[in-house]
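Just below is one structure, and these are the notes that go with it.
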Amino acid sequence: MQTSVQEKKYEEIIAKLKKEGIRVTKVRSQIIKVIIMNEHPTINDIRNKLEERISNINVMSIYNTLDLLLEKHLLFANTFNGKEICYEIQDLKSVHLKCDNCLTITHIDAKELESMNTSQLKELAIKHGLLLDHFKIEIHGLCKKCNLQ
């Protein structure tokens with residue numbers, strides 16, 4: 001793994017899976033690492049990275065693992081371009097900025113989001129009968145480069 005933050009995230013996910021009695025196979029472990037180390041990988045990105053590490057990878061194993069991680073709320077599935085699904089490890093707060101012209105996606109990292117006051121979102125959820133667990137926000141507009149054109 002590249003950074004201590006990525007390593008910590010990996011260890012948290014593995015611990016959650018083990019706590020629920022879910023086997024952590026080599027394939028599952030590698031899929032989690034690929035997603036953590038690559039920003040918004042698609043299924044093809046994941047498969048290509050896995051093929052570098054594991055010979056004869058079964059594509060259904062990838063899909064089944066992604067489904068499991070989604071079901072356990074350890075993974076987000078995003079469709080930024082309306083075509084391909086991109087995956088990322090779930091954070092309690094997830095914000096993406098999308099340029100509607102060049103389709104660039106900027107992921108706002110956890111450190112920037114720590115200073116955000118999310119109590120209003122929590123209050124809004126409670127008002128409508130929902131206990132807030134996590135949130136995903138996608139903000140659309142024009143990036144600096146496209147705005148200057």
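Read the figures in this text as sums done on the coordinates, not as results from a lab. On a predicted model such as this, the values are computed, not experimentally measured, just so you know. Glycine also receives a Cβ, built like all others from the backbone with ideal geometry; neighbour counts cover every protein chain displayed.
See the values below:
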{"read-out": "Gyration tensor (alpha-carbon) shape descriptor, the range 91-148, a/c threshold 1.5", "value": "prolate"}
{"read-out": "In order through the range 35-48: 3J(HN,Hα) via Karplus (6.51 cos²θ - 1.76 cosθ + 1.60), integer Hz, x for Gly, Pro", "value": "5, 5, 8, 10, 6, 6, x, 8, 4, 5, 4, 4, 4, 4"}
{"read-out": "Estimated inter-spin distance, LYS145 and ARG23, nm [label 7 Å along Cα→Cβ]", "value": "4.5 nm"}
{"read-out": "Farthest positive-ward along the chain dipole, Cα basis, beta-carbon charges - from ILE36, ILE54, ASN78", "value": "ILE54"}
{"read-out": "The chain, dipole about Cα centre (Lys/Arg Cβ +1, Asp/Glu Cβ -1), debye to the nearest 20", "value": "240 debye"}
{"read-out": "Other-chain or far-sequence residues with amide H under 5 Å of CYS86's (modelled H)", "value": "ASN78, THR79, PHE80"}
{"read-out": "10 Å Cβ shell holding at most 16 others, DSSP loop, GluC sites (Glu not before Pro): longest site-free stretch of the chain", "value": "85-149"}
{"read-out": "Residue-averaged 222 nm ellipticity for the chain, from DSSP H runs of 4+ at -39500 (n - 2.57), nearest 500", "value": "-14000 deg cm²/dmol"}
{"read-out": "Whole-angstrom gap from the range 94-149 to the range 27-42, using each part's C-alpha centre", "value": "22 Å"}
{"read-out": "Whole-Hz ³J(HN,Hα) from phi, Karplus 6.51 cos²θ - 1.76 cosθ + 1.60, for the range 51-68, glycine and proline x", "value": "5, 6, 9, 10, 7, 6, 6, 8, 4, 5, 4, 5, 4, 5, 5, 4, 4, 4"}
{"read-out": "Length gained when the stretch VAL5-GLU112 is fully extended (0.36 nm per residue, less Cα-Cα span)", "value": "37.0 nm"}
